[in-house]
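Reading through the structure tokens given below for one structure.
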Amino acid sequence: MGLLERIHEPKDLRGIELSELKTLAQEIRQEMIDVVSKNGGHLAPNLGVVELTLALHRTFNSPHDKIVWDVGHQTYVHKLLTGRLTEFKTIRQYKGLSGFPKRGESAHDCFETGHSSTSISAAVGFAKARDVLRESHHVVAVIGDGAMTGGMAYEALNHAGHSETNIIVVLNDNEMSISANVGAMSTYLNRLRTDPLYDKRKEDLEYLLKRIPGIGTKVAKLAAKAKDSLKYLLVPGLIFEELGFTYLGPIDGHDQALVEQVLDQAKNKKGPVLVHVVTCKGKGYKPAEENPHLLHGIGPFDPATGKVTKKSAPPTYTAVFGNTLCQLAKGDSEIVAITAAMPSGTGLNEFAREFPTRFFDVGIAEQHAVTFAAGLAFGGLKPVVAIYSTFYQRAYDQVLHDVCLQEANVVLAIDRAGVVGDDGPTHHGVFDISIFRIIPNLILMAPKDENELRHMLYTALNYKGPVALRYPRSVGQGVILDDKLTEIPIGKAEVLKEGRDVTLIGVGPMVQTCLLAAQELSHRGVDAAVINLRYINPLDRKLLSHYAKLTKKFITIEDHSLKGGMGTAILEFLEEEGIDGVTVERLGYPGFVEQGPIPKLFTVHGLSVKGIMQAAERLRLFRRAAQS
Ligand SMILES: Cc1ncc(C[n+]2csc(CCOP(=O)(O)OP(=O)(O)O)c2C)c(N)n1
């Protein structure tokens, strides 16, 4: 029996000798490599926090003490130490353990995440609740240097420092976001890490300052000034100190004894404390240490090499988007691209290489990214902001208030629109249609395949005003890509098949499912029309009116929430036009969507040929066909 199997809850850790912890850390790393190589997941971030997580659970008494994780992608070690070893092999699988903290999964997961930079806010909330209720536990937020680039983290630091409540922020600094970290704070942290004076203790400094000759009443003021300027030179973490935190660190996050010692020190201090821990992303597994970016989040891979065994497949929508943008940018020097810490995920690496001065990685700062784009647009450029659907939720007011209300020429590329698979509900992009289609002047489109995506991007860049373009995580349909790009008239849908009995209306890649279903329906004697809606805003009212009156039956299908989605837009349209007697069957998601492989989720939620056939059944199409 290994050591890890003996850990059922964090208190089991406290009996373990420091010397044995090394073996335990190795077992934890091996378990994570074994499982992630099969299931996929966030490997490098978790390998980097093994000692830190052990130290946290040995120093604090979870769940009585609250440990709030930022992003939550680095909680595998935490899961293994809090009674979930047996289920760990199901992580990220359908009905399995979540890859992120889940309140329903364990009392030790006190706050759910997936989106970045929330931990300090939530921790201040826990701390204030404790104060109001006169309780006495510790509250710890664990945040990465990447997550520290998000605006919420600063809002929360500002609040915490001012409130003087007892809270500990552990800054896990590995110099990486998903890619190399960016921004002035990152530069500052780097300075703290590399400054030879960094371990100069503040207490020592105070002691030294007191011995500066000439401190008497007459020169006290001057000395205070000198003290301040010296402090700036010598005290590490001054920014945090100025914000009202006691700064401890930076310390080596893989030195188990040291991390425990400093956390213990933090535990016994009053007020907000920031512990700066320096870790190595991917620690203990060579392929991950050498390539933390590639092993940040990874599909199943060969554990011997760390390499994903890739099957040849059509390019992803993301890749086609990135290539097309590069192609267009070559001929138009006004095109610029913006990412919020996901240059590779959004397919912008090539753009960054080819046009370094026209590429902006703003860090995990979606709100800033969008408003920054509005500024760029009014400054005379053509910005394309590429953000995942789920993270656009962060920037809703910026889209509405800063881009749309003042009609900025900004292209909002909505990547990972629709379900994304194993990352689950925090990451599915199933609300963007609902929130964006109601913005009156925001053109919202979705291509049926990767070739249409190219033409849509071209259309969007030629359009004067805000445009949003949604496309999924998956590989494309494998269609031929046209060299010459043409504009798709705004608000024009495409009829892919005429039909008299029912109209199948698809958006995005669901159009392909409509085409397959139409074939199946025709075998059963039903003549279905198929419409590639293309534009969710504005709708092609003329075409929809025609088919509403002709077929009197609509089936809408979207990889999106039903509430407020494309189908709802069609219902509103029928009501607005006063077209009576049309029955509409809407296919989409009824609420939050669970984790699981994308095809599985489509099947479970009826976004399939079978789902359309069942909808046809509900519309009594077969009885009618049999009778006629
Ligand atoms: C709002 C938001 N934007 C983007 C992401 C995607 N994302 C997940 S982890 C990550 C990097 C986080 O870096 P850091 O906090 O330093 O943690 P590390 O992985 O380096 O341990 C990013 C950009 C996210 N989860 N949330």
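The values are calculated or read from the model by the stated rules, or taken from the named source; none is laboratory data. Everything numeric here is computed off the predicted structure, so don't read it as measured data. Glycine gets a Cβ as well: all are built from the backbone with ideal geometry, and neighbour counts include every protein chain shown.
Points worth noting:
- Residue in the range 102-124 that is part of a loop (DSSP other than H, G, I, E, B), within 16 Å of the ligand (Cβ to nearest atom) and more than 20 Å from Gly297 (Cβ to Cβ) present: yes
- Test: Lys89 is surrounded by 20 or more Cβ atoms within 10 Å (Cβ to Cβ) and more than 24 Å from Glu135 (Cβ to Cβ): no
- Any chance Ala408 is in contact with a Pro (Cβ under 8 Å, 6 or more places away or on another chain), assigned to a loop (DSSP other than H, G, I, E, B) and either within 21 Å of Phe436 (Cβ to Cβ) or away from the ligand (no atom under 13 Å from the Cβ) (or both): yes
- Boolean, Ala528 is over 32 Å from the mean Cα position of the chain (by Cα) and more than 30 Å from Gln327 (Cα to Cα): yes
Quick grid of which residues meet (1) of a type in the set (D, E, K, R); (2) surrounded by fewer than 21 Cβ atoms within 10 Å (Cβ to Cβ):
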| position | (1), (2) |
| --- | --- |
| Asp559 | yes, no |
| Glu572 | yes, yes |
| Glu576 | yes, yes |
| Arg586 | yes, yes |
| Tyr589 | no, no |
| Gly596 | no, yes |
| Ser608 | no, yes |
| Glu617 | yes, yes |
| Leu621 | no, no |
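- Residue within the range 580-599 that is in the same structural domain as Ile536 (by TED's automatic domain parsing), free of Cβ contacts under 8 Å to residues at least 12 places away in the same chain and either acidic (Asp, Glu) or on the phi < 0 side of the Ramachandran plot (or both) present: yes
- Residues of the range 141-158 that are among the small types (Gly, Ala, Ser) and away from the ligand (no atom under 15 Å from the Cβ): none at all.
- Just so you know, in the range 273-311 the residues that are among the small types (Gly, Ala, Ser) and more than 25 Å from Asn349 (Cβ to Cβ) include one that is surrounded by the most Cβ atoms within 10 Å (Cβ to Cβ), and it is Gly284.
- Positions within the range 159-184 being away from the ligand (no atom under 11 Å from the Cβ) and either buried (at least 22 other Cβ atoms within 10 Å of the Cβ) or in a helix (DSSP H, G or I) (or both), in sequence order: His159, Ala160, Gly161, His162, Ser163, Ile167, Ile168, Val169, Val170, Ala184
- Residue that is farthest from the ligand (Cβ to nearest atom) [pool: residues in the range 55-83 that are among the aliphatic types (A, V, I, L, M) and either outside the structural domain of Val124 (by TED's automatic domain parsing) or surrounded by 24 or more Cβ atoms within 10 Å (Cβ to Cβ) (or both)]: Leu81
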